[in-house]
Amino acid sequence: MTAPTREGDQDVQPLIEMHDVVREYEIGGERVRALNRVSLTIQHGEYVAIMGPSGSGKSTTMNMVGCLDVPTSGTYRLDGIDVASLSDNELAALRNLKIGFVFQQFNLLSRTTALQNVELPMMYAGVSRKERRARAEEALARVGLSNRLQNRPNELSGGQQQRVSIARALVNRPALLLADEPTGALDSHTTEEILELFEDLHRQGHTIVIVTHEAEVGRRAKRIIRFVDGQVAADSQTDSRPDSRADSRADSRTDSESDSGPAFSARFATTPATPLPPPVREGF
Amino acid sequence: MTLRDTLQVAMRSIAANKMRSFLTMLGIIIGVASVIGLSALGEATTISITQAVESLGTNLLTIDSGAAGAGGVQFGQGSAQTLTYADAQAIAADDPDISGVSPMVQSNGQALYGPNNDSVTIQATSADYATMKDLTVAQGSFFTNQEVTQSANVVVLGSDIAQILFANQNVNPIGATVDIRQIPFTVIGVLAAQDTTGFQNPNDYVDLPVTTAMNELTGSNYVGSIIVSAQSPAVMNQAEQEITSTLRFMHHLTGSEASDFQIFNQATTLSTLSSSTQTLTDMLSGVAAISLLVGGIGIMNIMLVSVTERTREIGIRKAVGARRSTVLLQFLIESVALSVTGALIGLLIGGGGSEIAGALTHVGNLVTPGPVLLSIGFALLVGVVFGVYPARKAANLNTIDALRYE
Ligand SMILES: Nc1ncnc2c1ncn2[C@@H]1O[C@H](COP(=O)(O)OP(=O)(O)OP(=O)(O)O)[C@@H](O)[C@H]1O
Ligand SMILES: [Mg+2]
C-alpha cells in the first residue's frame, strides 16, 4: 500500500489541524496574546519549517502541537482527535511514543548523564534495559557523541547538549518530530549532519516540523510557514527539487535501505515499530 | 516503566544530590535521635527515683500521732503524743497482715568513749526494725526481742559513729561500754555503712531498744511514731484497716470520733513521686518532639528550595512521556527512602546513646517502643508530605509551565 498524498486523496485526515488557536498569557493582570487565531494544517509525512521573528509565537505553536500546552481557545486536532478530549495518561503516551520534541532550551536532566537522558523516553515506554542502552548509544553515535556518553549536561558544550536533546527526541522513533531551533547552537558542519538525519527520517515517512531562524535550514524543508505577531503570515512550498515529496515518500523504504548509510536511519527503516504514517486515526 | 526502574531513578536522584539528601536526612536524624534519647532519659530518671523510694520499703506504713486531715483547726503532725508502746504491741499481737512493728523514739545526745565524743541521733526501736529496713550489721548483731523486753542497756552504732568513737583506740567496739547522755550502754553491734538519702546521715545514728529509751531517756510511755510492715505490698490496704481498728480500740475511739493518729502509706508516696517524674518525662518528650518538628521544618525548607529544580525535572519527565502517577511514585519512593534511612540512623544514634548512658548509670537501656514508633512515624510522615507535596504540585502543572518554572 502506498502512502496517501495530500493532493491525491482529499478524505485523508491531516496529522495536525489547528483551528483559530489562541494562546494568551496573563502578566500582571494584563492579557498578552502569544498566538492570535492561528489556523494551520499539516499532513502526514510533511517536512515543514516554521520561521519568523523572535517572539512571533513559533515556540508557543510548537508546544501546542507537541501536546505540552493547551490553547486558551480554538481547537487542535492531532490525527483527527481533539487533544482537549485526551486524558493525562493518553497525552503522556502520545508524547512518549508518537512525538519527539527537541526543545529550544534543550531541557536535559541536569544531574543525569547523556546516556541516561537519551534512555529516558524508552524507560517510560517500557523498553528493556539492554535494548534501551543499545538504542541510546546508537542514537548518540548518530549525532556524533559516542565519546560523551557519561557526561552530564554541565560537562557538555551547548551544541553537544543540543545533540543529546535531538538523540532523545529520536530514540523512540516518533512519527512526529518537532524541533525548536535544533541547529541554533551548531556549527555548519554539524548542522549539515543533523539536517541529513532529518531528511532520512522524512524519506521514511516521519512528519517533521522544525523552527528555525536560518534561511539555509528553512530551505531544506518542503514547506515554510511564516509567523508574525502570533499569526500565520505566509505559507509556501519551497522550490521543487527533483525528488518531490510524493515521489520520495513512495520509494522511501527501498531508498533508506540502499542509500541511507548511517546506522541511525537504518534502524528507523528496519524496525517494525517505525510508524510509517497510516491513514487511520489510531497511532497516526 | 518497571518498579525496578522507578526504584533506580529514585536512588540515582538521591545519590546525585548528596548534599540535599544529607541535609534532609539530618533533620530526621536529629529529631528521631533526640526523641528516643530524651524519652529514654526521662524513663531512666523515673526508674531510678522509683528504685530509691522502693528501697525504703514498699510494704511499710508509718503511723504518726495527730488528727488525720480533719477540718477546722489543724494541728501539726505529732503535735500531741497519742501513740504508746502498748499500741505497737497490740498491733503486733492482733493484726494478721502485719509482719513487723517498730515503735520509734528519736532523740539527740552526746555519745562518749574514752577521749572521743560525738553528737548523735538516738533512734530507739524494736528488734523488727533491722529486718524491716534491711539493715546490714557489719560487726556483732542487732538487739533481740528479748533485749527489748528486758529494756537492756545495749546499743548498735552507725558506722560513722563507731569510727569516730573508736578512732585510735585499737579496741574491738563489740563489748565496749559507751556513754550516751551519760548513761552507759554496751555496744553489741556496728552497722555497715548505708547510702545517705536526703539530708539525714543514717550512719550518724545509734539504735537502742525502744523500752530502754523510754525508761532511761524520755521517761514516758509515748512513742513518736510506729513503723509497720505489711506481709506484702498487696495487703497494704487490709493492714492499714486492721491498724486503724486496733488503734481506735486502744484509744477508745467510737463511732464518728476522729482518729488521733495518721497512717502514711509508702505506696501513696511512691505514686505521688512517680506522677511527678512522669511530668518530667513528658517535658523531655515535649522538648524532643519540638526538635523533631524543627527537623521537619528543615526538611520542608530543603524540599521547597529544591522545588524549582524538581519542577523542571518533572516537566522534562512528563514531556518525554512520564505519566503523572509514575512521577509521583518516583518522588514518593525517594522521600520514603530518605526519611526511613534518616529515621534508622536517628534510631541507631538515639538508641545507642541511651544504651551507653544506661550502661554507665546502671539503669539499663530504657528505649521503649512508644517513642521509637512515634518518632519514626512522624519522620516518615514529614518526609513523605514534604517530599511529595511539591512533586504533586509540579505534576499537576501544565507540562510547559513545569518546564518553565523558575
Ligand atoms: N510563559 C509565558 N508567559 C508570558 N508570556 C509568554 C510566555 N511564553 C511566551 N510568552 C510570550 O509569547 C510570545 C511568543 O513567544 P514564543 O516563545 O512563542 O516566541 P518565539 O517565536 O519562539 O520566539 P524566539 O524566536 O525568540 O524563540 C512572546 O511575546 C512571549 O513574550
Ligand atoms: Mg522560540
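The share of accessible area on the stretch B:245-354 that comes from carbon and sulfur is 71 percent, using a 1.4 angstrom probe. With the charge dipole of the protein assembly as shown set up from +1 on Lys and Arg Cβ and -1 on Asp and Glu Cβ about the Cα centre, the Cα lying farthest toward the positive end among the listed residues A:GLN231, B:GLN278, B:VAL171 is that of A:GLN231. With a Förster radius of 22 Å applied to the beta-carbon distance between A:ASP239 and A:HIS213, the computed FRET efficiency rounds to 0.65.
Summed over the residues of the protein assembly as shown and divided among them, the accessible surface reaches 45 Å² per residue at a probe radius of 1.4 Å. For the pair A and B, the buried accessible area comes to roughly 2500 Å² in total, with a 1.4 Å probe and the value rounded to the nearest 100. DSSP beta bridges fully contained in the stretch B:81-259 are about 75 percent antiparallel. Annotation for the stretch B:199-260 versus the stretch A:21-98: alpha-carbon center distance of 98 Å. Pairs of Cα atoms nearer than 8 Å and 6+ residues apart set the relative contact order; for chain B it is 30 percent. Once the C-beta distance of A:LEU86 and B:LYS18 is scaled by a Förster radius of 30 Å, the resulting FRET efficiency is 0.15 to the nearest 0.05.
When you work out D = kT/(6 pi eta Rh) for the protein assembly as shown at 20 °C and 1.002 mPa s, using the Kirkwood radius from C-alpha pairs as Rh and the Stokes-Einstein form, the result is 64 µm²/s. Which one, B:LEU374, B:GLY346, B:SER21, is farthest towards the positive end of the dipole of chain B when Lys and Arg carry +1 and Asp and Glu -1 on their Cβ? Of B:LEU374, B:GLY346, B:SER21, it is B:SER21. In the protein assembly as shown, a dipole from Cβ-located charges (positive for Lys and Arg, negative for Asp and Glu) runs towards its positive end, and of A:GLY218, B:LEU61, B:ILE161 it is A:GLY218 whose Cα lies farthest in that direction. Between the chain alone and the structure with every protein chain in place, find the residues of the stretch B:298-339 that drop at least 50 Å² of accessible area; heavy atoms, 1.4 Å probe. Listed by number, the residues meeting the 50 Å² cut-off are B:ILE316, B:ARG317, B:ALA319, B:VAL320, B:GLY321, B:ARG323. Between A:GLN231 and B:ASN170, the simple label model (points 7 Å from Cα in the Cβ direction) yields a spacing of 12.8 nm. With the simple model of a label 7 Å out from the Cα in the direction of the Cβ, A:SER157 to B:ALA80 spans 11.0 nm. Of the whole protein surface, A:LYS222 contributes about 30 Å² of accessible area at a 1.4 Å probe radius. With each label modelled as a point 7 angstrom along the Cα→C-beta vector, the B:ARG4-B:ILE297 pair spans 4.4 nm.
For the stretch B:81-259, the relative contact order is 32 percent, taking Cα pairs closer than 8 Å that sit 6 or more residues apart in sequence and dividing their mean separation by the residue count. Charges were assigned to the Cβ only: +1 to each Lys and Arg, -1 to each Asp and Glu. The resulting dipole of the stretch A:16-267 about its Cα centre is roughly 620 debye.
On the basis of the beta-carbon distance and an R0 of 56 Å, B:SER141 and B:LEU348 show a calculated FRET efficiency of 0.55.
In percent, rounded to a whole number, the relative contact order of the stretch A:16-267 is 26, using alpha-carbon pairs under 8 Å and six or more apart. Put the Cα centre of the stretch B:111-153 next to the Cα centre of the stretch B:331-406 and the gap is 62 Å. Most simply put, the protein assembly as shown has about 70% antiparallel DSSP beta bridges, counting only bridges with both residues inside it.
Per-residue ellipticity at 222 nm computed for chain B from its helices equals -18000 deg cm²/dmol, with DSSP H segments shorter than 4 residues left out and the rest contributing -39,500 (n - 2.57).
Within the same chain, lysines fewer than 8 places from A:LYS130 are excluded, and of the rest, those with a Cα less than 29 Å from its Cα are A:LYS98, B:LYS18, B:LYS318.
The values are calculated or read from the model by the stated rules, or taken from the named source; none is laboratory data. Computed from a predicted model, the values in this text were never measured in an experiment. Every residue, glycine among them, receives a Cβ derived from its backbone with ideal geometry; neighbour counts consider all protein chains shown. Side chains included, ligands, DNA and RNA excluded: accessible areas come from the protein's heavy atoms. Shrake-Rupley method; radii C 1.70, N 1.55, O 1.52, S 1.80 Å.
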